[in-house]
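The values are calculated or read from the model by the stated rules, or taken from the named source; none is laboratory data. Since the structure is predicted, the reported quantities are computational estimates derived from the model, not experimental observations. FYI the Cβ positions are ideal-geometry reconstructions off the backbone, even for glycines, and counts take in every protein chain you see. We work out accessible area using only protein heavy atoms, side chains counted, and drop any ligands, DNA or RNA first. Shrake-Rupley method; radii C 1.70, N 1.55, O 1.52, S 1.80 Å.
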Amino acid sequence: MNHIIIKMSKMKIGIIGAGFVGLSFAVVLAQKDFHVILIDKDVRKIKKIKENEPPFFEPKLSSYLSKSLKMIESSSNFELLKKCDIIFITVGTPIGKNGMIDLNNVIQVGKEIGKKVLQSNSKPVIVLKSTVIPGTSQKILKVIENSWNKVGKGFSLVTNLEFLREGKAIEDTKNPHILVIGGKDGIANKKVVNFYQNVYKQKIPIFLTNHETAELIKYANNSFLATKISFINQMANICENIPSASVDDIAKAIGIDPRIGKRFLNAGPGYGGSCLPKDLQALISYSEKLGELPSLLKAVQKTNDYQVSKIFNLVKKNLNGLNKKKISILGLSFKENSDDIRESVSIKLIKKLIHEKLNVMVHDPMAIQNTMKIFGDKILYSNVIDEVISNSDCLIIMTPWNEYKKLNSTNFQKMKNKLIIDTRRLFKNRKIEGKYFAVGMNLMKE
Ligand code: UDX
């Protein structure tokens, strides 16, 4: 047994794509003494990583990176992957213009692997970790074979989806709740299973299946999570019309039913981020292409889109005219502990507000830089919460950062007009002067 562990620890692991998934995986493996070759086509990203600077914010990443640098060789040169035992593909699969998943990144990587990595004497297992629609693994297998020009010899491809959450990327990489492994080559599957058993000393459920089912599991997982959120958001909207009804109590009570489960039942402004909206859209388009009507998935999406219009309409309804009113927004990232604003509901709301010529001032502990890239000088920014709130006609809390939870009536004293819209119910148990609206509660009408 010891012998196997020593041998496995010396494995050389390739990772292509230094995003949340790839970089988190790289630092966790490096901490466990694996030699990691990390490849990304973005030379600026590679330069930052080499200089011990994470290219994006993620809790714990910085300290993990500095401790693991000596075990990570980062580069844009695919040829470095030649000696790897296993090569993980962790590049992004965004949504293309037609609403379909854009596979260009994975296809390009497949071509590079075929051309520059595979040699007759190396037999790496290629593991596709990127989220892809069913059939993609087989397609990539063909792309690699074609560009290598040696069909069927020397390498195998395994599908292995990633479920980590932003803001918890290191934690989730260290302790995944499941390992889904799909493929038709039993030896390659076994090699990946052995690798993971060596990485994780704790017991992680391993689910072995075929490529297509593995690919679809990821979409089913994220679509179900999105469904839970839209469901509770719709309950929240119903609660708002019933005096004293509380969506949080409803979530707590139904969450105790083991058939439902308590997580992902936090009502709010709607889900955002780089995965849930994208994966739902990809599954909708895929389903339509198959000729299957994705009616439930579309309703989930529509319910999510409705949340932002609802917040905007609340502002409109409760301000006496919109022109030049000051709106303060607390929270820009799609979730706390992240600087990611991709598909953030906050950004969608700001777009609506500035379209109506409202003056918007924003705060976020991490995401101001990224937001500046979108809005430039169209809105105002501050690192000081009180400055953002001061002289405001309406305050909207969008992201549940810890620092916002500490705010109280004293902080709201300097508002010109005390209209507070709390999309995360942070102050639901506090006495707030003025008009206080909490998503999922009927407080304002009392
Ligand atoms: C998600 C999946 O959780 C993860 O498994 C997958 O690998 C990637 O996509 P992530 O995008 O990091 O992870 O964020 P997540 O924690 O799932 O939150 C997504 C969005 O839903 C956020 O905007 C969050 O605020 C919102 N959300 C989440 C709710 O509104 N209510 C909830 O109860 C949970």
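Mind checking which pairs have a first residue in region 334-356 that is over 23 Å from Pro54 (Cβ atoms) and a second that is of a type in the set (Asp, Glu) and assigned to a helix (DSSP H, G or I), Cβ under 7 Å, 6 or more apart or different chains? Nothing qualifies.
All conditions in (1) assigned to a helix (DSSP H, G or I); (2) assigned by TED's automatic domain parsing to the domain that holds Ile39; (3) in contact with a strand residue (DSSP E or B) (Cβ under 9 Å, 6 or more places away or on another chain); (4) open to solvent by less than 30 Å² (accessible area, probe 1.4 Å) hold for Gln138, with the sole exception of (4).
Quick grid of which residues meet (1) away from the ligand (no atom under 16 Å from the Cβ); (2) outside the structural domain of Cys275 (by TED's automatic domain parsing); (3) charged (D, E, K, R):
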{"residue": "Lys184", "(1), (2), (3)": "yes, yes, yes"}
{"residue": "Asn198", "(1), (2), (3)": "yes, yes, no"}
{"residue": "Ala220", "(1), (2), (3)": "no, yes, no"}
{"residue": "Leu225", "(1), (2), (3)": "no, yes, no"}
{"residue": "Ile250", "(1), (2), (3)": "no, no, no"}
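The lone criterion from (1) within 16 Å of the ligand (Cβ to nearest atom); (2) outside any helix (DSSP H, G or I) left unmet by Val158 is number (1).
Does region 377-393 hold any residues that are open to solvent by 40 Å² or more (accessible area, probe 1.4 Å) and either in contact with an Asp or Glu (Cβ under 6 Å, 6 or more places away or on another chain) or not in a helix (DSSP H, G or I) (or both), and which are they?
First, pick out the residues of region 377-393 that are open to solvent by 40 Å² or more (accessible area, probe 1.4 Å): 377-378, 380-381, 383-384, 386-387, 391.
Those that are open to solvent by 40 Å² or more (accessible area, probe 1.4 Å) and either in contact with an Asp or Glu (Cβ under 6 Å, 6 or more places away or on another chain) or not in a helix (DSSP H, G or I) (or both): Leu380, Tyr381, Asn383, Val384, Asn391.
Say whether the condition of being of a type in the set (Val, Ile, Thr) and in contact (Cβ under 8 Å) with a residue 40 or more places away in the chain is met by at least one residue in region 153-168. Yes, some residue in region 153-168 is of a type in the set (Val, Ile, Thr) and in contact (Cβ under 8 Å) with a residue 40 or more places away in the chain. Say whether the condition of being farther than 22 Å from Trp148 by Cα, surrounded by 18 or more Cβ atoms within 10 Å (Cβ to Cβ) and under 25 Å from the mean Cα position of the chain (by Cα) is met by at least one residue in region 104-126. The answer is no, given that none of the residues of region 104-126 is farther than 22 Å from Trp148 by Cα, surrounded by 18 or more Cβ atoms within 10 Å (Cβ to Cβ) and under 25 Å from the mean Cα position of the chain (by Cα).
Let's see how each residue does on (1) touching a Leu at 6+ places or on another chain (Cβ under 7 Å); (2) assigned to a helix (DSSP H, G or I); (3) open to solvent by 40 Å² or more (accessible area, probe 1.4 Å):
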site	(1), (2), (3)
Asn304	no, yes, no
Lys316	yes, yes, yes
Lys324	no, no, yes
Asp339	no, no, no
Lys373	no, yes, yes
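Would you confirm whether any residue within region 418-426 is over 20 Å from Val308 (Cα atoms), in contact with a Lys or Arg (Cβ under 9 Å, 6 or more places away or on another chain) and in the same structural domain as Ile242 (by TED's automatic domain parsing)? Scanning region 418-426 turns up at least one residue that is over 20 Å from Val308 (Cα atoms), in contact with a Lys or Arg (Cβ under 9 Å, 6 or more places away or on another chain) and in the same structural domain as Ile242 (by TED's automatic domain parsing).
Residues are listed down the side, and each one gets a yes or a no for (1) more than 16 Å from the ligand (Cβ to nearest atom); (2) in contact (Cβ under 8 Å) with a residue 60 or more places away in the chain; (3) within 16 Å of Lys218 (Cβ to Cβ):
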| site | (1), (2), (3) |
| --- | --- |
| Pro277 | no, yes, yes |
| Ala282 | no, yes, yes |
| Ser285 | yes, yes, yes |
| Gln307 | no, yes, no |
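Checking each residue in region 257-284 for being aliphatic (A, V, I, L, M) and assigned to a helix (DSSP H, G or I) picks out Leu276, Leu280, Ala282, Leu283, Ile284.
Scanning region 73-101 for residues being within 24 Å of the chain's Cα centre (by Cα), open to solvent by less than 50 Å² (accessible area, probe 1.4 Å) and at negative phi gives a total of 11.
Residues checked against (1) among the aliphatic types (A, V, I, L, M); (2) within 19 Å of the chain's Cα centre (by Cα):
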{"residue": "Leu296", "(1), (2)": "yes, no"}
{"residue": "Gln301", "(1), (2)": "no, yes"}
{"residue": "Asn304", "(1), (2)": "no, yes"}
{"residue": "Leu314", "(1), (2)": "yes, no"}
{"residue": "Asn320", "(1), (2)": "no, no"}
{"residue": "Gly331", "(1), (2)": "no, yes"}
{"residue": "Lys335", "(1), (2)": "no, yes"}
{"residue": "Ser338", "(1), (2)": "no, yes"}
{"residue": "Val360", "(1), (2)": "yes, no"}
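Among the residues of region 56-66, are any under 23 Å from Lys116 (Cβ atoms) and not assigned by TED's automatic domain parsing to the domain that holds Asp364? Checked against the condition, which is being under 23 Å from Lys116 (Cβ atoms) and not assigned by TED's automatic domain parsing to the domain that holds Asp364, region 56-66 yields no hits at all.
Per the listing Lys153, Lys191, the residue uniquely open to solvent by 10 Å² or more (accessible area, probe 1.4 Å) and either in a helix (DSSP H, G or I) or at pLDDT 95 or above (or both) is Lys191. All conditions in (1) within 15 Å of Gln307 (Cβ to Cβ); (2) assigned by TED's automatic domain parsing to the domain that holds Val106; (3) hydrophobic (A, V, I, L, M, F, W, C) hold for Ile229, with the sole exception of (2).
From Lys373, Lys357, grab the single residue that is charged (D, E, K, R), on the phi > 0 side of the Ramachandran plot and out of contact with any Phe, Trp or Tyr (no Cβ under 7 Å at 6 or more places or on another chain). Before you say what the answer is, go through the steps one by one.
On the way: Lys373 fails: on the phi > 0 side of the Ramachandran plot.
Result: Lys357 is the single residue among Lys373, Lys357 that is charged (D, E, K, R), on the phi > 0 side of the Ramachandran plot and out of contact with any Phe, Trp or Tyr (no Cβ under 7 Å at 6 or more places or on another chain).
Considering each of Pro294, Pro269 in turn, give the residue that is in the same structural domain as Leu349 (by TED's automatic domain parsing) and either free of Cβ contacts under 8 Å to residues at least 24 places away in the same chain or loosely packed, with under 14 Cβ neighbours inside 10 Å (or both).
Details: Pro269 fails: either free of Cβ contacts under 8 Å to residues at least 24 places away in the same chain or loosely packed, with under 14 Cβ neighbours inside 10 Å (or both).
Only one candidate qualifies: Pro294.
Taking every residue in region 394-420 that is at positive phi and open to solvent by 60 Å² or more (accessible area, probe 1.4 Å) and pairing it with any residue that is charged (D, E, K, R) and within 16 Å of the ligand (Cβ to nearest atom), at least 6 positions away or on another chain, yields no pair with a Cβ-Cβ distance below 6 Å.
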